[in-house]
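Notes to accompany the following structure.
The values are calculated or read from the model by the stated rules, or taken from the named source; none is laboratory data. What you are looking at is a predicted structure, and each value in this text was computed from that prediction instead of being measured. All Cβ positions, even for glycine, are placed from backbone atoms using ideal geometry, and neighbour counts span all protein chains on display.
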Amino acid sequence: MAEIQAAAAEGSAASPVHDGQPVDASGAGRDVSILFVGDLVGGIGRRTLLESLPVLRERYAPTFVVVNGENVAGGLGITPKIADELIAAGIDAITLGNHTYHRREIYRYLDAQPRIVRPANFLRSQPGRGVCVVERDGVRLGVVNLSGNLYLRAGRSAFTEIEVALGELGAIDHVLVDMHAEATSEKIAMGWHLDGRVTAVVGTHTHVPTADARVLPGGTAYITDVGMTGPRGGVIGVKREQAIESLLTQMPVRFETSDEDPWLMGVLIRCSRPMRAESIEQVLMPRPADASKER
């Protein structure tokens, strides 16, 4: 499991630089891979991730594993118990989104657990933090969570607060930004805005994987939406008959998480130089067959 770094060490004059700050050369020039897994939806999404991890680790040997967990508790929010389970399974960092505060028991946990981050452009008075740094084998990865402002409630602009967030990271080798947003325009704009300054910008929230994974000209890996880890047989995670009823009747319907056709959706980002991605590859796979039979 990666080790959290509370503060970055000073680098030498010959070290790589991020945002004007020297980066310790211990992680420079190393092959690094980051597996980012899209929105875990309900218990089925959590189980799909945990049961897929051995396969993913054998297949890709990722240096870091980061997941979005804002829908993992019954489809809305996250609890300390679930977050602890994910971290114990070797997840290096958990990002969140607009359902961060759905469950009140998470409030204090967000302040106490450095591996879980909520959008950095929420109000500073709200619980939690927007950035963290994890380390493995001398390589430091900064993780930043942002919320879109179009159609979602975020207290401050993502495009101004990202500058503050990057400044909080200190000396690091790579930066992964989870842009949790509804509007594709905001996510694409953020990718271009950060191109060449961060290793990757990955979009979350809409639960549907997009086909635009690429490395931008400045070396930043980008995708508009990673997709969700959960029941592909539902409607973005909800039982399909309930979603259809809601749309047909235009009346309130109590939604429940589907459990049909669970898939894991994510991306693997490969890097050989600090703050630059060499490639981004979509990872789309069904829940392991043996595990599915046990449901």
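How many residues does the range 97-131 contain that are closer than 19 Å to residue 156 by Cβ and touching a residue at least 24 places away in the same chain (Cβ under 8 Å)?
Here the count works out to 17.
Given the options 63, 48, name the one that is under 29 Å from residue 258 (Cβ atoms) and surrounded by 17 or more Cβ atoms within 10 Å (Cβ to Cβ).
Working: 63 fails: under 29 Å from residue 258 (Cβ atoms).
Testing whether each residue is under 29 Å from residue 258 (Cβ atoms) and surrounded by 17 or more Cβ atoms within 10 Å (Cβ to Cβ) leaves just 48.
When the residues of the range 84-107 are narrowed to those that are among the small types (Gly, Ala, Ser) and part of a loop (DSSP other than H, G, I, E, B), which ends up nearest to residue 50 (Cα to Cα)?
Let us first name the residues in the range 84-107 that are among the small types (Gly, Ala, Ser), namely 88-90, 93, 97.
Then drop every residue that is not part of a loop (DSSP other than H, G, I, E, B), which leaves 89-90, 97.
Values: 89: 7, 90: 10, 97: 21 Å.
The residue in question is 89.
Whether any residue in the range 89-103 is among the basic types (Lys, Arg), at pLDDT 95 or above, under 22 Å from residue 239 (Cβ atoms) and touching a Gly at 6+ places or on another chain (Cβ under 7 Å) is what I want to check. It would help to see each step written out before you state the result.
Our first condition is that a residue be among the basic types (Lys, Arg); within the range 89-103, this holds for 103.
Then keep just the ones that are at pLDDT 95 or above; that gives 103.
Retained after the next criterion (residues that are under 22 Å from residue 239 (Cβ atoms)): 103.
Subsequent filtering for residues that are touching a Gly at 6+ places or on another chain (Cβ under 7 Å) retains 103.
Looking for residues that are among the basic types (Lys, Arg), at pLDDT 95 or above, under 22 Å from residue 239 (Cβ atoms) and touching a Gly at 6+ places or on another chain (Cβ under 7 Å), one finds at least one in the range 89-103, hence yes.
Mind checking whether some residue in the range 55-76 is among the acidic types (Asp, Glu) and more than 17 Å from the chain's Cα centre (by Cα)? First the steps, then the outcome.
Just the residues of the range 55-76 that are among the acidic types (Asp, Glu), to begin with: 58, 70.
Checking which are more than 17 Å from the chain's Cα centre (by Cα) leaves us with 58.
Within the range 55-76, one or more residues are among the acidic types (Asp, Glu) and more than 17 Å from the chain's Cα centre (by Cα).
From (1) closer than 26 Å to residue 170 by Cα; (2) crowded, with 23+ Cβ neighbours inside 10 Å, pick out the condition that doesn't hold for residue 127.
(2)
Determine, yes or no, whether residue 23 is touching a Gly at 6+ places or on another chain (Cβ under 7 Å), at pLDDT below 95 and of a type outside the set (Lys, Arg). Step through it out loud before you land on a result.
Details: touching a Gly at 6+ places or on another chain (Cβ under 7 Å): yes; at pLDDT below 95: yes; of a type outside the set (Lys, Arg): yes.
Against the criterion (touching a Gly at 6+ places or on another chain (Cβ under 7 Å), at pLDDT below 95 and of a type outside the set (Lys, Arg)), residue 23 qualifies.
Filter the range 66-83 down to the residues that are outside any loop (DSSP other than H, G, I, E, B) and either surrounded by 24 or more Cβ atoms within 10 Å (Cβ to Cβ) or among the aromatic types (Phe, Trp, Tyr) (or both) and list them by number.
First, the residues of the range 66-83 that are outside any loop (DSSP other than H, G, I, E, B): 66-68, 71, 80-83.
Passing the criteria: 66, 67, 68, 71.
Just to be sure, is residue 233 touching a residue at least 40 places away in the same chain (Cβ under 8 Å) and assigned to a loop (DSSP other than H, G, I, E, B)? Even if it seems obvious, please write down each step before you answer.
Values: touching a residue at least 40 places away in the same chain (Cβ under 8 Å): no; assigned to a loop (DSSP other than H, G, I, E, B): yes.
When the stated conditions are applied, residue 233 does not pass them.
With the condition kept exactly as written, say whether any residue in the range 108-126 is over 21 Å from residue 228 (Cβ atoms), part of a loop (DSSP other than H, G, I, E, B) and aliphatic (A, V, I, L, M).
The answer is yes; a qualifying residue exists.
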